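The values are calculated or read from the model by the stated rules, or taken from the named source; none is laboratory data. Please read all numbers here as calculations on a predicted model, not as lab measurements. Glycine also receives a Cβ, built like all others from the backbone with ideal geometry; neighbour counts cover every protein chain displayed.
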Amino acid sequence: MTEVLLDWQDSERTETISVPAGETILDAAAATDIGLPFGCRTGACGTCTARLLSGDVVHHRPPRALKDRHLADGYVLLCIAEPTTDTHLAVGATVQSELVPNPWK
Ligand code: FES
């Protein structure tokens, strides 16, 4: 069991969740009634992207939505990510917009 601090970068909100071994952060959040955005749940769409501020996670399958440079910058996919240590993650719309520039701009 690890502790994960979710830190909404676009507001004052923070939440701490406990993640049992073998479980993803997305599932553990849902189990504690914290709804995080998701799409495919397979690491393909990037909807659930967060950024690691401290700690470590492993992805249960290849994080196809992230390029190598995103992984190097600490981005993780919460639908397939399991924390291996206590972890602090940036979440929220600003994390998404850092990753994917708005194509309409
Ligand atoms: S929900 Fe699609 S990558 Fe996580």
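Tabulated values for the structure
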read-out: Count of region 34-51 residues which are closer than 21 Å to Pro20 by Cβ and not aliphatic (A, V, I, L, M); value: 6
read-out: Residue count, region 2-32 (criterion: more than 24 Å from Arg69 (Cα to Cα) and modelled with pLDDT under 95); value: 2
read-out: Residue check, Thr14 in contact with a strand residue (DSSP E or B) (Cβ under 6 Å, 6 or more places away or on another chain), of a type in the set (Ser, Thr, Tyr) and more than 16 Å from the ligand (Cβ to nearest atom); value: yes
read-out: Enumeration of residues in region 5-36 that are more than 18 Å from Glu82 (Cβ to Cβ), under 13 Å from the mean Cα position of the chain (by Cα) and of a type in the set (D, E, K, R); value: Asp7
read-out: Failed item in (1) over 11 Å from the mean Cα position of the chain (by Cα); (2) under 16 Å from Trp8 (Cβ atoms); (3) at pLDDT 95 or above, with Cys40 passing the rest; value: (2)
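This table checks each residue for (1) modelled with pLDDT of 95 or more; (2) over 19 Å from Glu23 (Cα atoms).
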| site | (1), (2) |
| --- | --- |
| Leu53 | yes, yes |
| Leu78 | yes, no |
| Thr84 | yes, no |
| Ala93 | no, yes |
| Glu98 | no, yes |
